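First comes the structure, then the notes that go with it.
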């Protein structure tokens, strides 16, 4: 008989980094875990490294058609979900040329935002079957221009969402034709915060909808995170990692961040409604996870609703089946 305390968790981005560490903790705690992996090789490696049993779905989040397919499979199964953990993310730092998904959507927004909104839209019936469901979305403090990381380079700014209005082929969500890989990532994290806001509004605060920032997490390779960046500078990223991690000690380890993500999935004290948590640097080499205010843009409810609407409209116009 299944442990009544066991949660059924669907996790994206569980093959590496924070997501992998969270998966390790959740499995050790006895939860039933389904991980979305982008290909069979990644799935096989993930399964071999994780302790215990785990169910794996093959789906490249850069292909919204594939996302729609696995969502249909999950809905057809009828199995309830206690937690939907939208954790996957990519960034191609320093890039000045956009790359595009199978449906012609700039990759950062396709993976970090649209794929996750589609999953939230389609899998909501499975969450509503659970007694105490929740959604957890990995955002970032870079969404906030007043944060330390948010001040570096161009700030997150979605403008009037002209890119989404224009349809496939846009470079930036704000409609700017000049691509900036760093800003695209910041914009996608602002989108994640707004997605959580709008999902909570639609649900009427009946379950926790949690957005969070894990802090500056740097692995020894960050290979998964930067996997689409064909112009990455390994020496430059290595030097940055050394200074931030080993000298300034402002980074968080994947292991600690993973434990925090697992905590957010399971913590019964988190109340229904929108919640935003930040893993803050509180002393030299130390962090603490605290409830925090988002940026002003991250609290813009009309923009959150418009972002959701335009994203849904864009996906409905793509050559994929969303039903």
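Quick note: the coordinates plus some simple rules give every number you see, no bench work behind them. These figures come from a predicted structure and were not determined experimentally. Here the Cβ positions follow ideal geometry from the backbone for every residue, glycine too, while neighbour counts run over all protein chains shown.
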Length released on extending from residue 301 to residue 269, taking residue separation times 0.36 nm less the Cα-Cα span: 9.0 nm
Three-way shape label, the range 22-67, alpha-carbon gyration tensor, a/c 1.5: prolate
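Mean residue ellipticity at 222 nm from the helices of the chain, using -39,500 (n - 2.57) per DSSP H segment of n ≥ 4 over the full residue count, to the nearest 500 deg cm²/dmol?
-11000 deg cm²/dmol
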Peptides ranked, highest mean first, by Cβ atoms within 10 Å: ranges 47-55, 313-321, 188-196: 188-196, 313-321, 47-55
Spacing of the two label points (7 Å from each Cα toward its C-beta) at residue 41 and residue 132, in nm: 4.2
Most to least packed among 132-139, 253-260, 36-43 [average Cβ atoms within 10 Å]: 132-139, 253-260, 36-43
Cα→Cβ-extended label distance, 7 Å offset, between residue 53 and residue 290, nm: 4.3
Residue 96-residue 162 pseudo-label distance in nm [points 7 Å out on the Cα-to-Cβ vector]: 2.1
Relative contact order (%) - criterion: Cα under 8 Å, at least six apart; region: the chain: 20
Calculated FRET efficiency for the pair residue 201/residue 255, C-beta based, R₀ 25 Å, to 0.05: 0.15
Antiparallel content of DSSP bridges confined to the chain, in %, to 5: 20
Three-way shape label, the chain, alpha-carbon gyration tensor, a/c 1.5: rounded
